[in-house]
Each structure stands twice: as structure tokens, then as C-alpha cells.
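K.L.:
Quick one: structure below, then a few questions.
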Amino acid sequence: MASLNERTGTLGRRLASHLLRRCTYNFTFDRIDSFANMTASQAVDELFSFPALQFPDGPLSWHDGSPIFKVPATRQNLGEEAGLFNEQDFHRATRLWMFYETMYDPSIRMKLAYWLHSLFVTAFRGRWPYYNWALLVQSTAGSLKSLGFKMTLDNQMMEYLDNRSNRKFDPNENYAREFLELFTILRGPQVETGNYTNYTEADISTAARLLTGWKMDDNQVDPETGLPTSRPEHYDHDADPKTFSAAFGNQTIAGALDANDMYRELQDFVNMVYNQQETARAFLRRFYRFFVSDVITPEIESDIIDPLATQLRGDDYILEPTLKRLLKSEHFYDEDDTDSSDEIIGAKLKSPLELYISSIMLWEGDRLDLTPNNATYLRIFKEDERFQTDFMRDMGMDPTGPQTVEGYFGFYKAPGYSNNWYNSTTNFYRYTIGESLLRGTVRKSNQEIPFKVDIVPFVDKNISNPSDANALVRELLEHLLPEYPAPDRINYFLGSLLGQGDANSWSQAWTSFKSNGNDTEVKEALENLFDTIMRSVEFQTF
């Protein structure tokens, strides 16, 4: 029976690694060992302790060090009229900000932000991407219901799904359809033409009428978030009452009396959708697949999804209590049955973002220096950010947004879900990350990248007894792989270190290096081991 009972006792290295892999992009050998001494409750509480962002006001200008995305977001304030920035600059600066915050966030915040992005899918448009992502980051500490309301009025979403052109006498159903079908309650079984159990085609048309009259705005600022938001125009709004189908209890929402009342009408609609138990279940299933497992059995549906959905709905969709309950549970650590390795740990394929950043963090690749006007910052902005974008795109996770409003295929596409990250197009890039990090250049193009692993000092620092080949391989595998391998695989990894030699010859080589400082012999062996681990099937999973 799948259990939400809280796991007791310290985590140990294996479960600490599991928690960190699933809940943050920032994990190192030191963090794994630190979390290994915590209980599940202590560790999860630590991950929900959000520190200040590295750049709380967003990316900084390479001209003067000031925040690029000022509020109100007028063309003049954003530097467009002065010729300082253009749309490409805005997008590149936003991507660099996202990458930097993701890499250095020790909490669950940025992982949650990417999950929220997988729910409310957009792609980069105009100068709005930063504000959209800032809303997602803020919402990680808040309510999914509040995000549903605010995302509806987000300028990038307005442009992306055409609600800016949704008018009283010419309604546009695009956003209304995706809000129900993809963002919130989701489509259930089709019981008859136009009836998808959870809503109907008539509900989409009615919702579109309710969503008329909102306009994108540079100057309108949400007082709660401090971010730009769209404005209501009552003259272009359908002010008649809106009656929904039996799927929503035939509820009627009164039309707005004026522009200010349009906020009330929108909130009534959001409340109606979120009051459905199926909406809460939909969110929980998507959280489960993102953080826990691609597979939801009938047992998990009844013992995990249903009770957590009831809790989420009862908490008015505040995320933290429900998510903490799941992440502290025996089920999350695969300890609610007799086989603790059959369902969850190591059962998902890393997304491109998880694979790329976790590789950099685990192996302590060189760090970015993003101080404005710093030579590294300018180089990264002008050159290396493009590499990161292209590299992620080649692996199937374009950081400017997915190709369709359904999202990235590794997050939504049944039945494979995370297994969809691996295909004939992406496998080359996935399996050459290690070689690229050792060289500091892209394996395919020889282009310089901002990260490089120096394997000898890494091992000297992080391994308790590097001269012991067996202990060295064991410690690396315990930290780097989700499950400790079977004996034949351990011998495979050990062989990549020893080559034609044995454990005694390795010990002599390491002792000689420590004595004379010449690392040529040990470096070649350690790079072979590094590349073998990075190319292994086990490292691709988490």
C-alpha cells in the first residue's frame, strides 16, 4: 500500500541524493553528505527555505549595472528608445538570468518554477519573458489558484495565446480552451461530441466571453507582485451573465458592471474551476510525474493523489503544505513496500536541464561571474549564452519555450513521459556532455563553453582516500548514481580507472602524484573514469 506516512530516521547518502536530485538543480558532494545526516522532515524543510535570489531585480545591464527590466515597463525605461537593448537582448538576458538563478538556488524554488512553467506554458515573446518568469518564481511560495488568476492577465500569456484580441463582438477562444484543457482541470474522457467530462465545448465558448476585454499594458502594475500586467477595458467586455454546464454545476457568473468589476468576474471564474476536485487531482498528477515517477498506478491514484488533492484544495491551493507531505513520505523514498528499488529511485530520465546543470554542479565545473561589465559576463552574454541555448535546444528543451502549448514532450507526452527526452536526435548531446566539460569546448563544434571540470583536484578534495582505487570508485558512484550498481557494473567502472593496471599500481601512481605534483598519469586514468560514468545509462537517470 502506497503510504503518505512521514519517513523517520536520517536519510543516509542514497536517499539524500534522491531528494536533492528530484528537488533542486544545485547539489554537490558536500550537500549530499550534509543532507545525509538529516531526517526527511529536516531536509525538506531546508529545501523550502528560500534564500534571496542572486539577482532579485532581474538581469543587470552590461552598460551600467542597473536592472534591465524596470517597472513600469515602458520602451523608454527598458532602454529600447535609446538603442541600448532590443528584443534579442531582452531574451538573452532573461535566459542568462534564469540559468544563473537555477544553478545557484540551493532550495526547491527554481525546480518548482520550472514545474509551474510546465503547467502554464508560454514561449518568449517581445520584452515580456522576464516578467513571466518572475511571476513563476514568486508563485513558488504561493497559491496555484492565485497564479491561475495572475497568469491569465500576464502580458506574455496574453500575447502568446491571443487573449489580447479577445473582444466582445469577436471572441477568441484560444486562451479559454487552453486554460481548461491544458492548464488547470484538463480534458477528461469524451462522453459525447463536445463533452469532455470535466468541461464542454460550450464551457470554452462561455469562458472566452468572460475573458473578453483585457489589454496588454506597459504601465499597469500588479500591486501584489510589482510586475506589469494587463488592464481591463469594459467597453470591449461581454458584460452579460455567463452560465456554465453541469460539469460546473450549471453555475452562473454575473457579468462585470464596470472595468474594476472585471477582476471580480475573472476571480469568480478561477474559483469555479479550482473548486473542482478534478482540478486538484490534475495538478497533483502533474506534480507527481515531474518530481516522483512517470507511472501512476490505481494504488497511487487512491492512496497518494486523492488525499493530497483534497489537502491542496482544502488549503486553497497553497503549495507548500501538500508538497512537503509528499516529499517527506515513505512513498517518495520508495519505502512503503518490501522492494525499495522497484518504483521511484532512478526511475526517471533526467531532463536536459537536470542533466546539464547537475553535471556542472556535481563535478564542480568553473563558476560563472556575472558582475556587470566583467569580462566573463560580457563573454557569456555575447557568446556562451548562445551555446547554452543551442545545447539545450539540441537536447529537446529549448529555453525560449516549447514548440507547442502542450509543453516539453518529456513532461507531458504519455506513455513515455521522461523517457521521451531520449531519441536519435538528442542522444549524441546527452552522451557527450562529459567530454565537453573535460575539454571546456563543445564536442561537436569545438566552441568554448563557460564550464570546465578539473578532475584531479576534484578527486583530491572530495574523496576520502583517493589512493584506494576501490574506495575511490565506490564513493564516486554513491554520490553520482541514483542506485549503487551491481558487482559487474562496479568492475566495469573500476576497469575504466585501472586500464591494464591494478589497484596497487593506481595507489603507487597517486602517491607519486602527491609527492612530485606530476598528475599526467592519474589525470588520464581519472578522465577515463569520468567519461565512463558520464556516458553510463545510470547517470542519465535520477
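K.L.:
DSSP loop (so not H, G, I, E, B), at most 15 other Cβ within 10 Å: list which chymotrypsin sites (Phe, Trp or Tyr not before Pro) in the stretch 124-180 pass both filters.
P.N.:
In loop regions of the stretch 124-180 (DSSP not H, G, I, E or B), the sparsely surrounded chymotrypsin sites (Phe, Trp or Tyr not before Pro) are F169.
K.L.:
Next question, about the same structure. Are any of the pairs K348/K452; K324/K444; K150/K242; K70/K452; K413/K444; K111/K444 more than 31 Å apart by Cα-Cα distance, and if so, which?
P.N.:
K324/K444; K70/K452
K.L.:
Okay, moving on. Report the normalised scattering of the stretch 414-521 as log10 I(q)/I(0) at q = 0.15 Å⁻¹, calculated by the Debye formula with identical scatterers on the alpha carbons.
P.N.:
Relative scattering, expressed as log10 I(q)/I(0), comes to -0.86.
K.L.:
Can you give me the C-alpha center-to-center distance between the stretch 263-299 and the stretch 410-474, rounded to a whole angstrom?
P.N.:
First find each Cα centre; the distance between them is then 35 Å.
K.L.:
Based on the alpha-carbon set only, what is the convex hull volume of the stretch 209-281 divided per residue, in Å³?
P.N.:
That works out to 100 Å³ per residue.
K.L.:
Would you be so kind as to identify which of A280, G434, L476 lies farthest towards the positive end of the dipole of the chain, taking Lys and Arg as +1 and Asp and Glu as -1 on Cβ and the Cα centre as origin?
P.N.:
Going by the charge dipole, the pick is G434.
K.L.:
Give the Cα extents of the stretch 95-254 along the principal axes, in whole Å, largest first.
P.N.:
Result for the stretch 95-254: principal-axis Cα extents of 49, 37, 23 Å.
K.L.:
Let me ask something else. Note down the magnitude of the dipole of the chain about its Cα centre, charges +1 on Lys and Arg C-beta and -1 on Asp and Glu C-beta and zero elsewhere, to the nearest 20 debye.
P.N.:
Charge dipole of the chain: 560 debye, to the nearest 20.
K.L.:
Then there's this: Using Cα centres only, tell me the gap between the stretch 59-86 and the stretch 159-205 in whole Å.
P.N.:
Cα centroid of the stretch 59-86 versus Cα centroid of the stretch 159-205: 36 Å apart.
K.L.:
Can you list the aspartates and glutamates whose alpha carbon sits under 14 Å from that of K350, skipping same-chain ones fewer than 8 residues off?
P.N.:
In chain and number order, the partners are D294, E538.
K.L.:
Still on this model: Using +1 at the C-beta of Lys and Arg and -1 at the C-beta of Asp and Glu, which of F149, L60, G12 has the Cα lying farthest in the positive direction of the dipole of the chain?
P.N.:
Of F149, L60, G12, it is L60.
K.L.:
Could you list the GluC sites (Glu not before Pro) in the stretch 66-110 that lie in coil according to DSSP, counting only those with at most 16 other Cβ atoms within 10 Å of their Cβ?
P.N.:
E80, E81
K.L.:
What do you get for Rg/Rh of the stretch 1-135 when both radii come from the Cα atoms and Rh is the Kirkwood radius?
P.N.:
Rounded to two decimals, Rg over Rh is 1.11.
K.L.:
Rg and Dmax of the chain over Cα atoms: what are they, in angstrom?
P.N.:
25.2, 85
We did not get these values from a lab; they are worked out from the coordinates using the rules stated. What you see is a predicted model; the values in this text were computed from it and never measured. Cβ atoms come from the backbone with ideal geometry, glycine included; neighbour counts cover every protein chain shown.
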